[in-house]
């Protein structure tokens, strides 16, 4: 039987991936003053033993005011860098899985409570809140704070913070940087005409709305070692009238590719409460396919990918080069093991777990060394 495509190697730039399974960045809301805690050692350590090809660290704020909540991870200071370093030291001791990090700024969707307490936005004068910023002074929804529109100084501060965080990530030996341009956060707020009503060179036409996200990409690409991967996560459509659509996303993807972006993660939505996504298995896969058909970058599909044959079909038909798992791998941290068993592939596991190989799947496990 031919090897399933899901378990064939793939190369992104100089990064060699053992298979086509990526663990998407997932916020844990468990940091202290931006610093990772023991929770992250357990969480990332668990996922680093999953058998996936790449682990991406959760949305990591480049500035304190760029956090979604006061419990978000950051990478803006020596203290936050040291905390990530301690976590990575523990994880890397037992796993050879490549690790990337998503750098982010939440913009007008910042200053919120943690999800399990409702996720409501705090006012700027709340002890766990602050003044938010955005492309324009437009709140996310009724009852949300009005953000401050970034001026030239603010734009430079955010751009420089992304670059500084990329340099810190490089010092930490992180294999790749993903820039968060999706889900209604700051860079997406510049891209969408629903949130960007500027009348300067950063607003109006699609070319102008792309300008600041592309400047951030250029700054990160220049700051991060040339031999290491820089990718971008996008929301390919806002699922709302007058917002971003697949055509504008394809144009953005082509501009990124010209600047040296090697991978694009195609998600959707998050910009407006008025969105109406057609939720269901594979609902974002056609968006990934459209970007793949228009560029030569590696494309990652994500969103309600839960079944083994579903994931195999996405990569074997060429809809995407890789698939990303989020909630599915939280629910089942050994999802790649079970996928390999189901599809008849082999997978590398820690030596300490070799004896767990089921009798009905002989040859499933490869030793880590």
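The values are calculated or read from the model by the stated rules, or taken from the named source; none is laboratory data. Nothing here was measured: the structure is a model prediction, and the numbers come from that model. Quick reminder, even Gly has a Cβ in these numbers, built from the backbone with ideal geometry, and neighbours come from all protein chains shown.
When the stretch 312-338 is examined, which residues are found to be within 13 Å of residue 23 (Cβ to Cβ), in contact with a strand residue (DSSP E or B) (Cβ under 9 Å, 6 or more places away or on another chain) and either modelled with pLDDT under 95 or not in a loop (DSSP other than H, G, I, E, B) (or both)? Selection gives 322, 323, 324, 325, 329, 335, 336. Residues in the stretch 67-94 that are surrounded by 22 or more Cβ atoms within 10 Å (Cβ to Cβ) and more than 23 Å from residue 229 (Cα to Cα): 67, 68, 69, 70, 72. Exactly one residue among 49, 75 is modelled with pLDDT of 95 or more and under 18 Å from the mean Cα position of the chain (by Cα), and that residue is 75. Looking only at residues in the stretch 193-220 that are in contact (Cβ under 8 Å) with a residue 40 or more places away in the chain, touching a strand residue (DSSP E or B) at 6+ places or on another chain (Cβ under 8 Å) and surrounded by 21 or more Cβ atoms within 10 Å (Cβ to Cβ), which one is farthest from residue 24 (Cα to Cα)? This residue is 195. Does residue 143 meet the test of being more than 27 Å from residue 56 (Cβ to Cβ), more than 20 Å from the chain's Cα centre (by Cα), without any contact (Cβ under 8 Å) to a residue 24 or more places away in the chain and not in a loop (DSSP other than H, G, I, E, B)? Considered against the rule, which asks whether it is more than 27 Å from residue 56 (Cβ to Cβ), more than 20 Å from the chain's Cα centre (by Cα), without any contact (Cβ under 8 Å) to a residue 24 or more places away in the chain and not in a loop (DSSP other than H, G, I, E, B), residue 143 comes out as no.
Listed here are the residues, each with its yes/no results for (1) assigned to a loop (DSSP other than H, G, I, E, B); (2) more than 25 Å from residue 81 (Cα to Cα).
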site	(1), (2)
136	yes, yes
157	no, no
160	no, no
163	no, no
167	no, no
170	no, no
173	yes, no
177	no, no
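In the stretch 108-130 there is no residue matching the filter, namely being touching a strand residue (DSSP E or B) at 6+ places or on another chain (Cβ under 8 Å), in a loop (DSSP other than H, G, I, E, B) and either closer than 30 Å to residue 6 by Cβ or at pLDDT below 95 (or both). Just to be sure, is residue 251 assigned to a helix (DSSP H, G or I), at pLDDT 95 or above, out of contact with any strand residue (DSSP E or B) (no Cβ under 6 Å at 6 or more places or on another chain) and surrounded by fewer than 16 Cβ atoms within 10 Å (Cβ to Cβ)? Criteria met by residue 251. Within the stretch 340-364, restricting attention to residues that are outside any loop (DSSP other than H, G, I, E, B) and in contact (Cβ under 8 Å) with a residue 24 or more places away in the chain, the residue that is surrounded by the most Cβ atoms within 10 Å (Cβ to Cβ) is 340.
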